[in-house]
Structure formats: C-alpha cells, structure tokens
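Peer 1: Questions regarding the structure given below will be posed in turn.
The values are calculated or read from the model by the stated rules, or taken from the named source; none is laboratory data. Every value quoted in this text rests on a predicted model; they were computed, and no experiment measured them. Cβ placement follows ideal geometry from the backbone for every residue including glycine, while neighbour counts extend to all protein chains displayed. With ligands, DNA and RNA removed, areas are computed over all heavy atoms of the protein, side chains included. Shrake-Rupley method; radii C 1.70, N 1.55, O 1.52, S 1.80 Å.
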Amino acid sequence: MRAAAHLVAVVALLGGCWHQSYERVMGVHMDVLASLAEKLCEFAEAQRRPAAEEMGEFVYPLRRARQFQRYFARDVRRPSYRLFGRLLADYEALVQRVDAARVTPGTWTRERDAVCAATDRIRERARRLREVLRREGVNG
C-alpha cells in the first residue's frame, strides 16, 4: 500500500515537472524505489511470488528514474548523481533477480535471502544518498 502511494506521488510530481529542484525530485525517486524494494523483500519473506502482471509496478518507477537521470546528465560530476546511478543499478538488478526467480517456486524460495540482502543494500545506498544530497544542498 505504501509503495502504491509513493508511485502515485511520483506520477503526480514528475508528470513533466522536472523544473522542481534536483534534490527534491531525486529524493522522491529514491524513496519510491526503496519502498518498492522493501515490498519485494516482504514478498520474499512471505514466500509470495509476484505475478507477471505485478512486475510493472516495480519496473515503471525505474523507467521514470532513468528519465530523470538522463534529464540531469549535465550533473554527472555531482556525487549525488553518481550515487543515484548506483542506486538505480542495484534496484534494476533486484527487479531482474525477482523476475527471473518468481517463475519457479524452488528458485523463489532459494532467492529469498538474496532479495532481502539486495533490499538492505538499496536502503543503505538511499540513506547515504540522502546525506550527500543534504551536503550538496548546503554547499551549492
């Protein structure tokens, strides 16, 4: 439910409105992706495999985040931009892992710990990205 609310917020905030601050929009993307990673971990812990039609919920926000990343490509030297790219790569790898594992019950069960470990990495990267964004906001 929380992930769905974040997805609605992303669509509402980012429907072409990238004139908003870099930090604010990046923070929304980061929060949505971290929330969705958390949801995937919850699925894994409950041994609930997401159905094929549910995977769009996890893929679409990544596409939007990649659009944001391309839009702000001029900021490639900013530490936050580079860290955001790594967050996106981690999230994309998680979604690919889940998508591959979800089709087979045995594989899904074996991947449970890896899914939650990947979620922990995403959560930690998001925490570090928030710190970097705060520093950049203060420093310019």
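Peer 1: Peptides 114-124, 43-53, 27-37, 81-91: what's the order by average Cβ count within 10 Å, highest mean first?
Peer 2: 27-37, 81-91, 114-124, 43-53
Peer 1: For Glu131, Glu136, give the ranking by accessible area with the largest first, probe 1.4 Å.
Peer 2: Result of the area sort, largest leading: Glu131, Glu136.
Peer 1: Let me ask something else. Just the number please: accessible area per residue for segment 99-140, 1.4 Å probe, all protein chains included, in Å².
Peer 2: 61
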